[in-house]
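A short write-up of the structure that comes next.
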Amino acid sequence: MITVSGDLLEGGGQILRTTVALSSLLSKSVRVTNIRAKRSPPGLRAQHLASLRTLVALTNAKTRGLEIGSKEIVFEPGPIRSGNFSFDIGTAGSIGLVLQALMPAAAFSPGPVYLRLIGGTAVSHSPTIGYLQRVFVPILKKMGYDTSISLLRHGHYPKGGGLVEAFTNPAKKLTRLEVKERGNVVRIAGSSHCVKLPRHVAERQALSAVRMLKTAGYARADMEIDVPSDDQGHLGPGSGIVLCAECDNGTVLGSDALGEAGKPAEKVGEEAATKLLEDLETGCALDRHMGDMIIPYTAVAEGVSTFTLSKVTLHLLTNVKVAEMLSGARFNIVGDLGKKGSASVQGLSLLNSSIK
């Protein structure tokens, strides 16, 4: 059994998610101690329990310590299953983070996996569903992972209630990711939304982002305005914006920002545009968020993956450390923390024995 301490580097829930994701994928039993040791309060919260319980269902895992506040868990996975699964986080806990834990194992299931998840779709300190749709999914598809994510209802802090469906087709293997530069931007697109708020909130978010992008030389940005009707079951007000830059070599970089009480809508759009422009300026292939999210996949992919990073983050270094402990793969990270860099790894060339 492999023991992973939750106080490694950034010391948050990412350590738990990556550990159980790779545990499920590689059929390795794990003990995670000091869970979220650098967060207040420490220990398991609702969204972490949701991640664990979904993987328990997906792998028939044996567990200990699965309760709110627990600082140590044991996770012993069985064979990965396919089928239909439905989970309600019960709070505004991030559906995006639950998907982070689930999707590596689902890639190597014996058949299609359908997921129906209720919780937060646009939550601070986590990837929004819009970002996953526009950036994460296209990059996974470059690696041979056939998956889709559908946003059926928005869910914001504190009530949640968002509804997401995800579908995955299993892969025989994942191909290496080799993207050393971002290429030329051929299109910038995005979506600005608000629920239980006046339409002009979403419009102002979009206009401020487009204005900043034009000033930087990107004359055209295709923006959707998403203002669903109040009868769709949204539990509370909220807003946000997601942007993505599509490049001629198939790379996609993205950013997002969320509204909050007292924060002008213009500020939301400016934040998203600023982050995207900063990442584009580096010329690197992956944005600051995608860099750490792709680590578990490249660890098990076929061949040598090499990719440039707009920013070396503590999340990236943490995910690398956990992936190395679980998989045995060795990453080479070049670049200083907070600066642009690059990563390479000889993947395990993991094969899905269920796929002929």
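A few comments on the model shown:
- Charge dipole (debye, nearest 20) of the stretch 185-281; +1 at Cβ of Lys and Arg, -1 at Cβ of Asp and Glu: 280
- When the square roots of the Cα gyration tensor eigenvalues are ordered a ≥ b ≥ c, the ratio a/c for the stretch 1-152 is 1.5 or more and a/b does not exceed b/c, which makes its shape oblate.
- Potential lengthening between T175 and T33 on full extension [0.36 nm per residue; Cα-Cα distance subtracted]: 47.8 nm
- Among L316, G217, G183 the positive-end extreme of the charge dipole of the chain (Cβ point charges): L316
- Each label was represented as a point 7 Å from its Cα along the Cα-to-Cβ direction; for E324 and Q232 these points are 4.4 nm apart.
- Each semi-axis of the equivalent ellipsoid for the stretch 185-281 is √(5λ) with λ an eigenvalue of the Cα gyration tensor; in descending order they amount to 25, 14, 11 Å.
- Dipole-positive endmost among I2, L235, G254 within the chain (Cβ charges, Cα centre): I2
- Between S208, P170, P158, the Cα set farthest toward the positive side of the dipole of the chain (charges on each charged residue's Cβ, about the Cα centre) is that of P170.
- Phi angles across the stretch 237-246 convert, under the Karplus curve 6.51 cos²θ - 1.76 cosθ + 1.60 with θ = phi - 60°, into 3J(HN,Hα) values of x, x, 7, x, 9, 10, 10, 9, 10, 9 Hz, Gly and Pro given as x.
- Span from the the stretch 255-282 Cα centroid across to the the stretch 160-201 one, whole angstrom: 16
- Among (i) 1.44; (ii) 0.97; (iii) 0.95, the entry that matches Rg/Rh (Cα atoms, Kirkwood Rh) as calculated here: (iii)
- Per-residue ³J(HN,Hα) for the stretch 290-302, Karplus 6.51 cos²θ - 1.76 cosθ + 1.60, θ = phi - 60°, Hz, x for Gly and Pro: 5, x, 7, 5, 8, 4, x, 6, 5, 4, 10, 6, 7
- For the chain, the dipole from Cβ point charges (+1 on Lys and Arg, -1 on Asp and Glu) about the Cα centre works out to 700 debye, to the nearest 20.
- Axial C-alpha extent at least 27 Å, average Kyte-Doolittle at least -1.0 - helices from the chain (DSSP): none
- Here the chain carries DSSP beta bridges of which approximately 70% are antiparallel, counting only pairs with both residues inside.
- Taken along the Cα-to-beta-carbon direction at a fixed 7 Å, the label points for R199 and M1 span 5.8 nm.
Any read-out appearing in this document is the output of simple, stated calculations on the displayed coordinates, not a laboratory observation. Please read these numbers as outputs of a predicted model, since none were measured by experiment. Heads up, the Cβs are rebuilt from the backbone with ideal geometry, glycines too, and the neighbour counts pull from every protein chain shown.
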